[in-house]
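A.B. asks: Provided herewith is a single structure, encoded as structure tokens, for subsequent inquiry.
The values are calculated or read from the model by the stated rules, or taken from the named source; none is laboratory data. Only a predicted model underlies this, so the values are computations on that prediction, with no experimental measurement involved. Note: ideal-geometry Cβ built from the backbone for every residue, glycine included; neighbour counts use all protein chains shown. We work out accessible area using only protein heavy atoms, side chains counted, and drop any ligands, DNA or RNA first. Shrake-Rupley method; radii C 1.70, N 1.55, O 1.52, S 1.80 Å.
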Amino acid sequence: MDLTLLIDFGSTYTKVTAISEQKGCFVATAKAPSTVNSDVMIGLSNAINNLKDILGEENLSFRRRVACSSAAGGLRMIAIGLVPTLTVEAARKAALNAGAKLIGSYAFKLTEEDLKELCMQKPDIILLAGGTDGGDEEVILHNAKVLASLELNVPIVVAGNRACKERIRQIFITAGKDVRITENVLPEINRLNIQPARECIREVFIERIVHAKGIDKAKEFVEGILMPTPEAVLRATELLAEGAGEETGMGEILVVDVGGATTDVYTVCSGNPTRGDVILKGLPEPYSKRTVEGDLGVRFNCLHIMETVGVSLLSEMSGMKVDVIESTLSLWARKTYMVPKSELEINLDQALARCAVDIAVKRHSGTLEKYYTPMGEVFVQYGKDLTSIKAVVGTGGPLVNAQNPTYILSGALFDEHDPSYLKPKNPKLYIDKNYIFYAIGLLAEINPELAIHILKQDLKQVSCEKMVDRSLMCRR
Amino acid sequence: MNQKTIVMGVIGADIHVVGNKIIEYALREAGFNVVNLGIFCSQEDFVNAAKETNADVILVSSLYGHGELDCKGLKEKCLEAGLNKVKLYVGGNLVVGKQNWEDVKAKFEAMGFDRVGSETTMPDDIIKWLQEDLSCIIAK
Ligand code: B12
């Protein structure tokens, strides 16, 4: 067989997906525990051996081999800007869209304490923004100087005020730092421009980060480690929305990726108001948007999810007694590889995942707030209106491997009891049944038309599962 | 870049947008870099945008009669944010009904506004103020 191998060096598992370009179809997936701390190749070889077992073939040859990675803690990034709701927020959005794990963000002039904390966080990349084009120079120049004086030697991507590009370049070059200058993430107050920073971060990832993390030991076998894993998922989402070649896209779309450590949400849509009487406020939203909820992983943070939604709700949803839930979840939080066994445990696991989806999609989506003015009510929208989104896709191990993935995915839907959150109202629901979203993002680099073709075959449409008796009264 | 930057918007829960658009157009034509925040702006929106764009002037409109309440404290927020050099302008239908203009003007000046206009203050007047205050040459 003539196969293309798509690899994800994940933090816990190394996953491989084989597809056949010739036949234009998905072939199989397999995984094995990651071995990034010793030699990444061991985990990869094990995963490939598992793939051979599944296919019952001794010898597999791969025509192409490309990878993405979220191993060794992911792409740890710090975003720096001027005003929290403006360039800091724009920089955060750029970092998230580039597939980063955002470990901190700073506003205004960096202080001594900020710098100490920043170094302790051990970032892989720093994204420095501040000032619109022609706007404030003082703060970004100050921040460049103090960053340049640090011993910390990580690549710095500068995406701030165009007027001081050259001065900033000089500051970092003089200090011997690896600096990349790109377009401003917020060139004007009402215009977000995060795509150039996203691409720049990806270049740094390929050139520097893969080596720094020891993943380039796989270089002999793998042709290219092309991007961080979340970037691959976002690219697959973009491809699915927009289409390629003969393959039509699905239009405006939301993807939710449930994991043990985080729950990520991706949308590709304008998010413009769907009703006429609404005033849109706040920073403009990117057409493609990723958000990450580091407190909503169904294993590492299962206790936090319980605290957020209340144990009684989980009990109501799963049928498990409150004290049993508490003890089960403290066990799962410690032994994150645990899989549910009894029927009640399975229910609990699914309830957790559904709550994670519910809250993550709430945080991702825009809100509609009612204000009373002399003329009566006025509605103000912040963020993206997702109510008219056409398709919602569920992915991530805890979702696709669940007994009832539809139940979990339905947490993404609009809730009449909580109408201020502009979640999707009547979308078609799909499950990524073979869990290949990352692989599609990689394949899109080689053959986008085939990539979307295979993804469409993979998606299983399911019918929406109505809300549980009581709405999920989850706090954000 | 020597172009002067004006951050403008309509403050409070005020949705009168026509004057805002007219002033934006006139100031752009006169060669200013205009950052228009539109209607429904909070004091923080003005302060944040002025900080990020290094604005020279914040121009506040209020048309629906609640100008006094909405504008109170804006100057203090600017000082707090380090925007002490930024000029503050305000205009529109600042108070409810017809009141003595000199009183209204004095009230807003006491609140820290450098220039106070009424519904009869024309865009050309605003441009004249800007020229005086920023002593800039207008490209026309
Ligand atoms: C159209 C209109 C509406 C429309 C607005 C549509 C829209 N989206 O813009 C609607 C019907 C929605 C509306 C609603 C209301 N309106 Co109304 N509206 C008007 C009306 C008739 C015209 C406004 C207009 O567009 N003028 C044309 C533009 C070009 O002029 P302008 O806005 O005044 O701006 C000029 C100057 O004021 C000045 N200027 C503006 N900003 C600044 C800033 C600076 C620094 C300077 C120097 C100058 C300056 O320069 C501008 C250009 O020349 C006025 C009456 C009037 N004739 O002015 C009432 C008027 C403004 N509304 C009024 C009121 C009370 C209301 C309501 C509260 C209820 C009501 N009675 O209808 C609601 C408020 C809604 C809200 N939350 O904001 C009152 C305000 C009373 C007051 N301040 O004491 C007015 C004056 C009518 C009146 N005489 O009672 N309104």
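A.B. asks: Just name the residue that is surrounded by the fewest Cβ atoms within 10 Å (Cβ to Cβ) out of those in region A:212-263 that are farther than 15 Å from A:Pro448 by Cα and in contact with a Lys or Arg (Cβ under 6 Å, 6 or more places away or on another chain).
C.D. replies: A:Glu223
A.B. asks: Quick one: would you say B:Ile11 is within 14 Å of chain A (Cβ to nearest Cβ), within 11 Å of the ligand (Cβ to nearest atom) and farther than 30 Å from A:Lys370 by Cβ?
C.D. replies: It is false that B:Ile11 is within 14 Å of chain A (Cβ to nearest Cβ), within 11 Å of the ligand (Cβ to nearest atom) and farther than 30 Å from A:Lys370 by Cβ.
A.B. asks: Are there helices (runs of 4 or more DSSP H) fully within region A:61-168 with at least 2 residues that are in contact (Cβ under 8 Å) with a residue 12 or more places away in the chain and crowded, with 24+ Cβ neighbours inside 10 Å? List them. Don't jump to the end; show me each part of the working.
C.D. replies: Details: elements: A:89-97, A:112-120, A:138-148.
Helices (runs of 4 or more DSSP H) meeting the threshold: A:89-97, A:138-148.
A.B. asks: A further question follows. For region A:366-377, which residues satisfy the criterion of being assigned to a strand (DSSP E or B) and at pLDDT 85 or above? Steps first, please.
C.D. replies: In the first step, residues of region A:366-377 are kept if they are assigned to a strand (DSSP E or B); the result is A:367-373, A:376-377.
Correct list: A:Thr367, A:Leu368, A:Glu369, A:Lys370.
A.B. asks: Among the residues of region B:22-31, what is the count of those that are among the basic types (Lys, Arg) and either within 10 Å of another protein chain (Cβ to nearest Cβ) or near the ligand (Cβ under 8 Å from one of its atoms) (or both)?
C.D. replies: Quick first cut of region B:22-31, residues among the basic types (Lys, Arg) only: B:28.
Those left that are additionally either within 10 Å of another protein chain (Cβ to nearest Cβ) or near the ligand (Cβ under 8 Å from one of its atoms) (or both): none.
Result for region B:22-31: 0.
A.B. asks: Take the residues of region B:97-116 that are within 18 Å of B:Asp56 (Cα to Cα) and within 11 Å of the ligand (Cβ to nearest atom): which is most open to solvent (accessible area, probe 1.4 Å)?
C.D. replies: Applying the filter and picking the extreme gives B:Asp114.
A.B. asks: Right, another one. Conditions: (1) farther than 25 Å from A:Pro284 by Cα; (2) surrounded by 20 or more Cβ atoms within 10 Å (Cβ to Cβ); (3) modelled with pLDDT of 95 or more. B:Asp124 meets all but one. Number of the miss?
C.D. replies: (2)
A.B. asks: Any residue in region B:32-55 that is more than 8 Å from every other protein chain (Cβ to nearest Cβ), over 28 Å from A:Tyr372 (Cβ atoms) and over 12 Å from the mean Cα position of the chain (by Cα)?
C.D. replies: Yes: region B:32-55 contains one or more residues that are more than 8 Å from every other protein chain (Cβ to nearest Cβ), over 28 Å from A:Tyr372 (Cβ atoms) and over 12 Å from the mean Cα position of the chain (by Cα).
A.B. asks: Just to check your reading of the model, which residue among A:Ala402, A:Ala356 is more than 21 Å from A:Asp415 (Cα to Cα) and either surrounded by 22 or more Cβ atoms within 10 Å (Cβ to Cβ) or within 16 Å of the chain's Cα centre (by Cα) (or both)? Reasoning before the result, please.
C.D. replies: Working: A:Ala356 fails: more than 21 Å from A:Asp415 (Cα to Cα).
Just one listed residue meets the conditions, A:Ala402.
A.B. asks: Do we have any residue at all in region A:414-436 that's surrounded by 23 or more Cβ atoms within 10 Å (Cβ to Cβ), assigned to a helix (DSSP H, G or I) and among the β-branched types (Val, Ile, Thr)?
C.D. replies: Within region A:414-436, none of the residues are surrounded by 23 or more Cβ atoms within 10 Å (Cβ to Cβ), assigned to a helix (DSSP H, G or I) and among the β-branched types (Val, Ile, Thr).
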